[in-house]
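Reviewing the structure listed below.
Rule-based calculations on the coordinates, nothing more; no lab input. Worth saying up front: this structure is predicted, and the values here are computed from it rather than measured. All Cβ positions, glycine included, derive from the backbone under ideal geometry; neighbour counts span all protein chains shown.
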Amino acid sequence: IYLNAIRAIMMIEVTGKSTTAVIRQLRGLPELHSLHATNGAWDLIAEIRADGLADFDRVLREVRTIDGVLNSETSILLSSV
């Protein structure tokens with residue numbers, strides 16, 4: 001299904017004590033391949049796989065509109081080295 005997928009890593013900052021609710025909503029996104037709790041400036045790291053740029057753009061918008069998501073930064077994975 002994701003043969004020529006756009007793959008990206010998204011770092012997510014969550015407000016206050018809303019991490020559990022944010023995780024629950026993120027898990028509902030089929031394009032979210034994996035989700036990890038982390039330390040440092042970001043609270044969560046998600047691997048996203050989308051079929052094309054339109055789907056990728058939609059996923060980014062959906063994540064950013066989740067209540068409790070304060071900030072995010074996304075990097076598209078271009079090639080393996």
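One table, with the values for the structure above:
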read-out: Qualifying residue in region 30-45 (condition: more than 13 Å from T19 (Cα to Cα), in a strand (DSSP E or B) and touching a helix residue (DSSP H, G or I) at 6+ places or on another chain (Cβ under 9 Å)); value: yes
read-out: Enumeration of residues in region 40-75 that are surrounded by 11 or more Cβ atoms within 10 Å (Cβ to Cβ) and of a type in the set (V, I, T); value: I45, I48, V59, V63, I66, V69, T74
